[in-house]
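Inspection log for the structure reproduced underneath, given as structure tokens.
The values are calculated or read from the model by the stated rules, or taken from the named source; none is laboratory data. If you're wondering where the values come from, they're calculated on a predicted model, not measured in any experiment. Note that we place each Cβ from the backbone using ideal geometry, even for glycine, and neighbour counts take in every protein chain shown. Just so you know, the surface numbers come from the protein's heavy atoms only, side chains and all, with ligands and any DNA or RNA stripped out. Shrake-Rupley method; radii C 1.70, N 1.55, O 1.52, S 1.80 Å.
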Amino acid sequence: MVTVKSNFHDVNSWLEVQRQHFTLAEIEDFEAAIHIAEQYYQAQVFYPTDVDLLLHSLNCANKVAELHLYADAVTATILYALPRYCNNWLDELKNFDKKVVELIDGVNRVTQIRKIGDLDLELDEHEKKTQIEVIRKMLLAMASDIRIVLIVLVGRGELMLHLKSCQDVSLQQKIAIETMEIFAPLANRLGVWQIKWELEDLSFKYMHPEQYKRIAKLLHETRQERLDYIESIKGFLASQMEESRIQDFQVSGRAKHIYSIWKKMRKKNYDFDNLYDIRAVRVLVPEVRDCYTVLGIVHTKYSPVPGEFDDYISNPKPNNYQSLHTCVIGPESRVVEIQIRTFAMHDHAEYGVAAHWRYKEGGENNPQFEEKIAWIRQILDWRDELSERKDLTDIFKNEIFSDTIYVMTPNGKVITLPNGGTPIDFAYGVHSAIGHRCRGAKVDGQIVPLSTPLKNGQRVEILTIKNGGPSINWLHEGWVKSSKAIGHIRRYIRDLNNEDFLETGKEVYERELAKFPSLIRPKVDDIVSKMNHTNEKELQISIGKGDVMPATLRDVIEKLIHAATPQPKEDLTASELEKRLQERKDKPKSQAKSGSVLVDGVSGIVSNFAKCCKPIPGDQVVGFITQGNGIVVHRVGCQDFNRQAKLHPHKVVSVEWASVAKNSTFSADLEIIANDRHGLLRDLTDLFASEKLHIVGLRTVCRNNKAIMTFTIQVGGNEFNFTWLIAKTFNVNGVIEVLRK
């Protein structure tokens, strides 16, 4: 657990503490950051408190340091308020690492999100809870680096510690509600308990001051006294387990905080005297048999409280939660709750379907979102193990929420959209009537095209007309991404008369046909029949309605041409890509640009590397012609390529590597399956470091005590020997399987 030190009152004492944990170069960065902060924070206080802004920033930075979030995060925390007081703040930071700038920018973007105080007061309770949940997710999604959220949480904790100096009681209440509803649950989900407890207790103090004082008085002791008592119990149990020769155990403890006590008293209608878990200790051991050994030790050394023992190992809860729970009379006749479980049970409780935050918050069952939260929790668990590895800060990169974006209405309501969503999707997300009448949009005050992909945190205003409906071209041009918007548009269009769609459909139909030379164009009857329509007019109406998309029509035409032509590649003479290929047939290979590929022996053709299989120099490769993305280069054997090639064999072209520049880099994925254990990640990253490989991404899932890790590594332009790397990886203790994805 992080030990929260007293607030600092001067720069020198702060620096003295940091010198014990950081290198000389890092301390120099801190000093440079403080020098800049002193210039711009002069006479500024941390609103709405009366705390000096520089000292507030240093107190936050110290807590960030204690969370082991690396020196760049500490530097960023010192300077996180700089953009508010310095217009050219980027110039001021030109000598700092780019990660510092990214963190500062991220913190400022996240803190600009409207909080619960701006929620629509007319929302019912369910809608309000839904909106709060969306804001929590938005906070996570907007942070490109998960440390941004942790810095924000630390700052919120400092605000709550000094909120008493704010003289506006209504503002105190508003901030407390924001903290309780949004920030404390985020800290809970991320597993930073010390911040979570602090936020909850301090919020409760302002939301329900009388209940807070009453419970604090009933405890008869300070929180620190309770923590000291827990430490003595932990030490005693640890010595007893060592005597019993139990190895690899872990003992942790916590003193139940005031808000949690109040919640339990209210939920279960308990009196204070009926609470047995005000002090609690958790013991983690390797095997199930060790659980019962520890239980025997506990019940031998301390007297059990009658009726307060539950065996959730023999009788798991419905969500498969497993643990032994018992209450005993400890020293000084104080009751202590003790939980005993294996490390595997604990992982399941923390990261699996029994995740603590879900049943404490009553959160919705969203497996995809929970898996992302579990991944972040594991990253935070590894931070101690990796605290000395400066080259691994990329593990905090938060790309796991990339399938969803969160944008806001002018009034601050958050709308959830799929990644790539446009103002049209946003309009339908607000209301179908607004979507139908949408004709323009402003994003952050600037007019943008309706096809503009939106980004997290943007504020969108829809410009509407009084009458009218959606355009089928929104679908044809691919401007709509959400199923909700697509459904509303199609329903609206189906309700109109068929003749209204004939002109639009005919235009699209003829445009698609014109892409193919008349000599090889299929017969109209064949196209109509292949698309299961009775005549050409009916097909055109379906296109106008959006029931048949242009891409589908184009695909059918290509298949008909391919079926009727003995040489498939000649089918593409109308394609711009094929024309360019033919024009370059007589050029020698020596003209190939460094780092490119040759297509049918020709250089200069637009090409991209497939993300599904990530080919690198030395791999056998093959090409596939795409619409608007040139030739996509796949590794031979790629399942995604095989699937596409089977459907469109005439789009397959031969490719080979041209000369590759020495400074070229390529990404590749390596999947490792291993028995989960402490130190596994450290051993693997040490191996990659010894091979001079840069890790640019990491995904991990734990199932049945197995860790499934996918490392994205960066390799040079020369041919890389994956066989050698895989062989060395098998030498790491616990590794079961290694494969190139």
Probe radius 1.4 Å, ligands and nucleic acids left out: which of K99, K611 has the largest accessible area, and how do the rest follow? K611, K99
Residue-level accessible surface for S13, protein heavy atoms, 1.4 Å, Å²: 40 Å²
Collect residues whose amide H, placed 1.01 Å from N in the peptide plane, falls under 5 Å from the amide H of I405; neighbours closer than 5 in sequence don't count. L417, N419
Equivalent ellipsoid semi-axes, segment 1-80, via Cα gyration tensor eigenvalues times 5, rooted, Å: 19, 15, 11
Which trypsin sites (Lys or Arg not before Pro) from segment 421-490 combine a DSSP loop assignment with at most 12 other Cβ atoms within 10 Å? K466
With every protein chain present, what accessible area does C702 have (1.4 Å probe, heavy atoms only), rounded to the nearest 10 Å²? 50 Å²
How much accessible surface area, in Å² rounded to 10, belongs to the heavy atoms of K196 with a 1.4 Å probe? 20 Å²
Using a 1.4 Å probe and counting only protein heavy atoms, arrange D311, D105 so the residue with the most accessible area comes first. D105, D311
Please go through segment 463-533 and write out the chymotrypsin sites (Phe, Trp or Tyr not before Pro) that DSSP classes as loop and that have at most 15 other C-beta atoms within 10 Å. none
Cβ-placed point charges (K, R +1; D, E -1), dipole of segment 689-741 about Cα centre in debye, nearest 20: 200 debye
Residues whose placed amide H lies under 5 Å from that of V45, excluding near-sequence neighbours: L53
Residues in segment 512-544, backbone N under 14 Å from the label point at N498 (7 Å along the Cα-to-beta-carbon vector): list them, ranges by number please. 533-544
Under the definition of Cα pairs under 8 Å and six or more residues apart, what whole-number percent is the relative contact order of segment 648-741? 41 percent
For G440, what residues show an amide H to amide H distance below 5 Å, using hydrogens built from the backbone and excluding near sequence neighbours? L463
